[in-house]
1. Just to verify a result, which residue in the stretch 126-176, among those that are of a type in the set (Ser, Thr, Tyr) and outside any helix (DSSP H, G or I), is nearest to residue 102 (Cα to Cα)?
2. So residue 107 fits all but one of (1) buried (at least 20 other Cβ atoms within 10 Å of the Cβ); (2) under 19 Å from residue 46 (Cβ atoms); (3) not hydrophobic (A, V, I, L, M, F, W, C); what number is the exception?
3. Are any residues in the stretch 74-99 within 16 Å of residue 21 (Cα to Cα), surrounded by 10 or more Cβ atoms within 10 Å (Cβ to Cβ) and of a type in the set (S, T, N, Q), and if so, which ones?
4. Kindly indicate which of 156, 203 is small (Gly, Ala, Ser), in contact (Cβ under 8 Å) with a residue 40 or more places away in the chain and farther than 25 Å from residue 95 by Cβ.
5. Of 20, 114, which residue is modelled with pLDDT under 95 and either closer than 26 Å to residue 155 by Cβ or buried (at least 19 other Cβ atoms within 10 Å of the Cβ) (or both)?
6. State all residues of the stretch 74-116 that are farther than 20 Å from residue 14 by Cβ, part of a strand (DSSP E or B) and β-branched (Val, Ile, Thr); if no residue qualifies, say none.
7. When the residues of the stretch 173-203 are filtered to those that are among the aliphatic types (A, V, I, L, M) and either surrounded by fewer than 20 Cβ atoms within 10 Å (Cβ to Cβ) or farther than 18 Å from residue 3 by Cα (or both), which remaining residue is modelled with the lowest pLDDT?
8. Without any contact (Cβ under 8 Å) to a residue 60 or more places away in the chain, under 18 Å from residue 210 (Cβ atoms) and in contact with a strand residue (DSSP E or B) (Cβ under 7 Å, 6 or more places away or on another chain) - does that describe any residue in the stretch 131-139?
Amino acid sequence: MKITKYLHSCLVFELDGYKLLFDPGKFSFAEGQVTPQMFADVDSIIITHIHPDHLDTENLKAIVALSKATIYTNTQVGETIAKEGLAYNLMEQGTYNIGPFKLDAFPVQHEPLLDNPIPQMTGFLINDKVLHPVDSMETRLTKYPNIELLLLVTMAPFANELRIAGFADRVMPKQVLPVHDGYAKDFFIEQRYKNYSLHFNKAGIKFHEIYKVGDSITV
């Protein structure tokens, strides 16, 4: 399973020629490094919640027009994109099979933000190997000890590095793929990721220092 990063929390999972796109949000497209044309060959799209850094309706429409991909999402996102003429399949809780991917979907609590309502958000366990808690660090997410890969928010207005690293320390994955880093300049990301690597190496956890468009790992 290959996972390719397209800035912030926008990821493409690829297995057996099937491509699954997660959260093509505004931060990914903001500076023109990522375009809808890059996703013309995706088969399905998952949107985890309505925050604009995870959902960019205009670019989502462009991706669907190019790829004819099917959108999977929760009720709140679905109602939002339906107003823009986008069809979707409901995916909130339970086990779903999409192409070669098994997705265990479950509700997760978004971390609190200043003067901002908490959105409905859906997290995932992907092929029993990858834990995607999205923007949540709930204690109950630590019930997946020794998971192969944790997708970890590394920068956010709702958390500092001590809390972020502490969450991953409790999950104890074998590997960490950093996400939610579209706020920062390259020099800052490089500095902080070296620090994260040093921290996780002490526990035998591999931290992948990737953030540029098209960077990928295989699990």
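The values are calculated or read from the model by the stated rules, or taken from the named source; none is laboratory data. Remember, it's a predicted structure, so these values are computed and weren't measured experimentally. Because the Cβ atoms are built from the backbone with ideal geometry, glycine has one as well, and the counts that use them run over all protein chains shown.
1. Checked the stretch 126-176; the qualifying residue nearest to residue 102 (Cα to Cα) is 144.
2. So residue 107 meets the others, but not (1).
3. Residues satisfying the conditions are 74, 89.
4. 156
5. Among 20, 114, only 114 is modelled with pLDDT under 95 and either closer than 26 Å to residue 155 by Cβ or buried (at least 19 other Cβ atoms within 10 Å of the Cβ) (or both).
6. Residue satisfying the conditions is 95 alone.
7. Ranking the qualifying residues of the stretch 173-203, first place goes to 184.
8. Looking through the stretch 131-139, at least one residue is without any contact (Cβ under 8 Å) to a residue 60 or more places away in the chain, under 18 Å from residue 210 (Cβ atoms) and in contact with a strand residue (DSSP E or B) (Cβ under 7 Å, 6 or more places away or on another chain).
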